[in-house]
Amino acid sequence: MQITDKVYYVGVNDRVKHRFESLWALPLGVSYNAYLVVDEQVALIDTVDVAYFGEFLDNIRTVLGDRPIDYLVVNHMEPDHSGSIALIRQYYPKIKLVGNKKTHEMVQGFFGPQSPRDITVNDGQLLSLGSETLQFFMAPMLHWPETMVTYLLGRGILFSGDAFGCFGALNGAVLDRDMDIEPYFREMERYYATILGKYCPPVRAALKKLSGLDIRMICSTHGPVWAEHVDRAIDTYRRLSEGQTEEGLVVCYGSMYGNTARMAEAVARGAVQAGMRKVIVHNLAVSPMSEVLADIFRYSALAIGAPTYNGGIFPAVDDLLKRLASRQVSNHRLGIFGGHTWASAAPRLMEQYNEQMKMQLVEAPVGWKQSPDADALGAAKALGAALARP
Ligand code: FEO
């Protein structure tokens, strides 16, 4: 599929995988995007998951016929993009792999010895394809150490790797102007929260570095090609990486027999009575973790509630706290509530997690024993009201 003069989309859709990285739900599927730049010499930008190699090769041959590929630019080594490198080398034995020093180390580790033809590039280095020129910029830790981006000089096209990508398979169109983009922007938030959420400082560094480029089109490795919505895609990543939120409350809880659930409903009610209108309640035993994380990245306040379980925090809540502690979501107001039957531990342990999360605790944790009474439910409502205050 031609995107613009000399640039073709040769990626594939995956509507089979249930969980990306075996972790994150894929209700709309995912695409693995790869591109060809066809000039006097031909560059393939990234590959696809090896499970789709046959379709990928067909896509390449539809564009190139029997013409060889001169370069394979490897922007990112995670196997959803690098997985077909070994087979591409078999089908195109003279191809030269283009990557940075870390890329080549990883290629060697995943796929065996480097070829003497392979090319190691540094930040800002150019590669001429004839009349077109590629330029490489290192963008480490987006979200692996070898990540880099490739810029097609003169045309303003950025091959950005995972950056500016999103979940969601492509439904008959590749360019944003040919589709309803709203589901993809929602998927972008879920993608950012799950895949890049730990790496906000490197994302900000990359955005700063790329800000001097004239970017007219973004060809990422997942989701639509951004042509009409380049600014919105960049702004979404900037907003998320800077921890910018909108006013709203996410109430997350685990509950075995409904007592913590009642407290969660009371927190939500208290927030609404205090004037907050965007309130989302997640039962962590039911809600997909990726949706929960995306909502937490979006909204300014968070309430977390758990019963004490085996002397610790109820596991589904403990899991969320672990994930939050390893992500950059400190710019939040936080409320904690936790119940117990004979010995309290959850509220204290949840508060300890906040030493890593570094959120602003709006009140001391709310605790109760066995079933919450009117006082406990009143305290939960008051917690919701406190969280509703900006
Ligand atoms: Fe889409 Fe980090 O691989």
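The residues on offer are Met188, Met179, and the sole one that is touching a Cys at 6+ places or on another chain (Cβ under 6 Å) and at pLDDT 95 or above is Met188. Annotation: Tyr8 fulfils all but one of (1) closer than 21 Å to Val225 by Cβ; (2) open to solvent by 10 Å² or more (accessible area, probe 1.4 Å); (3) within 16 Å of the ligand (Cβ to nearest atom); the unmet one is (3). For Gln356, the conditions (1) modelled with pLDDT under 95; (2) in a loop (DSSP other than H, G, I, E, B) all hold with the exception of (2).
Criterion applied to Gly305, Gly270, Gly248 was being more than 16 Å from the ligand (Cβ to nearest atom), open to solvent by less than 10 Å² (accessible area, probe 1.4 Å) and assigned to a helix (DSSP H, G or I), and the one residue passing it is Gly270. Just checking, how many residues over region 372-390 are assigned to a loop (DSSP other than H, G, I, E, B) and surrounded by 13 or more Cβ atoms within 10 Å (Cβ to Cβ)? Count: 1. Check whether at least one residue in region 308-320 is more than 22 Å from Tyr199 (Cβ to Cβ), without any contact (Cβ under 8 Å) to a residue 60 or more places away in the chain and in a loop (DSSP other than H, G, I, E, B), and report yes or no. The answer is yes, given that some residue of region 308-320 is more than 22 Å from Tyr199 (Cβ to Cβ), without any contact (Cβ under 8 Å) to a residue 60 or more places away in the chain and in a loop (DSSP other than H, G, I, E, B).
Scanning region 34-69 for residues that are out of contact with any Pro (no Cβ under 9 Å at 6 or more places or on another chain), of a type outside the set (Gly, Ala, Ser) and within 14 Å of the ligand (Cβ to nearest atom) turns up Ile45, Asp46, Thr47, Val48, Tyr52. For region 101-122, a residue qualifies if it is polar (S, T, N, Q) and away from the ligand (no atom under 15 Å from the Cβ), and the qualifying residues are Gln108, Gln114, Ser115, Thr120, Asn122. Of all residues in region 322-365, which are surrounded by 21 or more Cβ atoms within 10 Å (Cβ to Cβ) and more than 30 Å from Cys200 (Cβ to Cβ)? The one that is surrounded by 21 or more Cβ atoms within 10 Å (Cβ to Cβ) and more than 30 Å from Cys200 (Cβ to Cβ): Gly339. Looking only at residues in region 29-70 that are acidic (Asp, Glu) and under 21 Å from the mean Cα position of the chain (by Cα), the one that is nearest to Gln2 (Cα to Cα) is Asp46. On the given criteria, is Ala34 in contact with a helix residue (DSSP H, G or I) (Cβ under 9 Å, 6 or more places away or on another chain), open to solvent by less than 10 Å² (accessible area, probe 1.4 Å) and not β-branched (Val, Ile, Thr)? So Ala34 fits the description; yes. Scanning region 77-100 for residues that are more than 15 Å from the ligand (Cβ to nearest atom), open to solvent by 40 Å² or more (accessible area, probe 1.4 Å) and not aliphatic (A, V, I, L, M) turns up Arg89, Gln90, Tyr91, Pro93, Lys94, Lys96. Kindly indicate whether any position in region 209-225 is assigned to a helix (DSSP H, G or I), away from the ligand (no atom under 14 Å from the Cβ) and open to solvent by less than 50 Å² (accessible area, probe 1.4 Å). Checked region 209-225: at least one residue is assigned to a helix (DSSP H, G or I), away from the ligand (no atom under 14 Å from the Cβ) and open to solvent by less than 50 Å² (accessible area, probe 1.4 Å). Candidates in region 144-183 are the residues that are among the aliphatic types (A, V, I, L, M) and part of a loop (DSSP other than H, G, I, E, B); of these, the one that is nearest to the ligand (Cβ to nearest atom) is Ala163.
Filter region 227-242 down to the residues that are without any contact (Cβ under 8 Å) to a residue 12 or more places away in the chain and more than 17 Å from the chain's Cα centre (by Cα) and list them by number.
Residue satisfying the conditions is Asp231 alone.
Pairing residues of region 63-79 that are acidic (Asp, Glu) with residues that are open to solvent by less than 40 Å² (accessible area, probe 1.4 Å), at Cβ distances under 6 Å and at least 6 apart in sequence or on separate chains, gives Asp70/Val42.
On the given criteria, is Leu158 within 18 Å of Glu40 (Cβ to Cβ) and open to solvent by less than 10 Å² (accessible area, probe 1.4 Å)? Answer is no for this residue.
Going by the structure shown, is Phe111 within 27 Å of the chain's Cα centre (by Cα), among the hydrophobic types (A, V, I, L, M, F, W, C) and open to solvent by 10 Å² or more (accessible area, probe 1.4 Å)? Yes.
The values are calculated or read from the model by the stated rules, or taken from the named source; none is laboratory data. Just so you know, these numbers come straight off a predicted model, no measurement behind them. Ideal geometry is used to build each Cβ from the backbone, glycine not excepted, and the neighbour counts take in all protein chains shown. For the accessible areas, the whole protein counts, side chains as well, though only heavy atoms, and no ligand, DNA or RNA atoms are used. Shrake-Rupley method; radii C 1.70, N 1.55, O 1.52, S 1.80 Å.
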